[in-house]
Amino acid sequence: MKLEVFPELDAFITTAFARPEEPRKIWRTSLRTTLTGRHVPFDCTPGQFIALERRCYNELLRRITIIPPRKHRGAGKAQVMLACHLAEECSLPETVANRIIISCYDFQETEAPCKNPPLTDPTAFRVTKMRLVPAT
């Protein structure tokens, strides 16, 4: 899935960042540029992913700071978009990619603004993904 700056995310970026051009540019850049090319197992854990693709994991941490906080419009949509993009680039199942994204949130400090992921429930993830994908 291509990373796009949709209206709700753009509104958050405009109000939260002093120079909104930078986060927009970061968000639109593909994760492919940070991958080392090592084989990531189909059912890898977040720890294995960190060991194999540390640079990509650091980029995920950077992008999580761009995602609006929980209960903000577009927060879940941005998380799903990032997880689907990660799954596509690393050839992983979307559930594994979402687990890696959630582990990025867990890695943050206890009182960090981006400590709680917008979506933790697999059902909410699937529903949000279905809303993102156009019907054929």
#### Entry: 10 Å Cβ shell holding at most 15 others, DSSP loop, trypsin sites (Lys or Arg not before Pro): longest site-free stretch of the chain
74-114
### Summary
The relative contact order of the chain, taking Cα pairs under 8 Å that sit 6 or more residues apart, comes to a percentage of 26 percent
### Query
Which is the longest part of the chain that has none of the GluC sites (Glu not before Pro) sitting in a DSSP loop with at most 14 other Cβ atoms within 10 Å?
5-108
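Give the whole-number value, in cubic angstrom per residue, of the convex hull volume spanned by the C-alpha atoms of segment 6-136.
Values: hull volume 15.4 nm³, N = 131.
Spelled out: Cα convex hull of segment 6-136, divided by residues, is 118 Å³.
When the convex hull of the Cα atoms of segment 1-50 is projected onto a plane and the area is averaged over all directions, what value comes out in nm²?
Working: hull surface 19.8 nm².
Seen from a random direction, the Cα hull of segment 1-50 projects 5.0 nm² on average.
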### Query
How large is log10 I(q)/I(0) at q = 0.31 Å⁻¹ when the Debye formula is applied to the Cα atoms of segment 59-102, each weighted equally and without solvent?
-1.13
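If I stretch the segment between ASP43 and ARG73 completely, what's the gain in nm (0.36 nm per residue apart, minus their alpha carbon distance), one decimal?
On the way: separation 30, 0.36 × 30 = 10.80 nm, distance 3.10 nm.
Full extension of this stretch gives 7.7 nm more.
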### Task
For segment 17-82, divide the Cα radius of gyration by the Kirkwood radius and give the resulting Rg/Rh value with two decimals.
1.01
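Starting from the Cα-Cα distance between GLU88 and ARG28, subtract it from 0.36 nm times their residue separation and give me the gain in nm to one decimal. Mind showing how you got there, number by number?
Values: separation 60, 0.36 × 60 = 21.60 nm, distance 1.49 nm.
Gain on stretching GLU88 to ARG28: 20.1 nm.
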### Query
Given 0.36 nm per residue, what is the gain on full extension from ASP10 to ALA124 after removing their alpha carbon distance, in nm?
38.8 nm
### Query
With respect to the cross-link table entries LYS25/LYS129; LYS25/LYS77; LYS2/LYS129, which display a Cα-Cα separation exceeding 20 Å?
LYS25/LYS129
## Note on the structure
Label model pair THR65, THR36: point-to-point distance (7 angstrom along the Cα→beta-carbon line) in nm is 2.3 nm
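FYI, it's all coordinate maths here, none of it is from the lab. As the structure is a computational prediction, the values presented were derived from the model and not from experiment. So basically every Cβ, Gly included, is an ideal-geometry build from the backbone, and we count neighbours across all protein chains shown.
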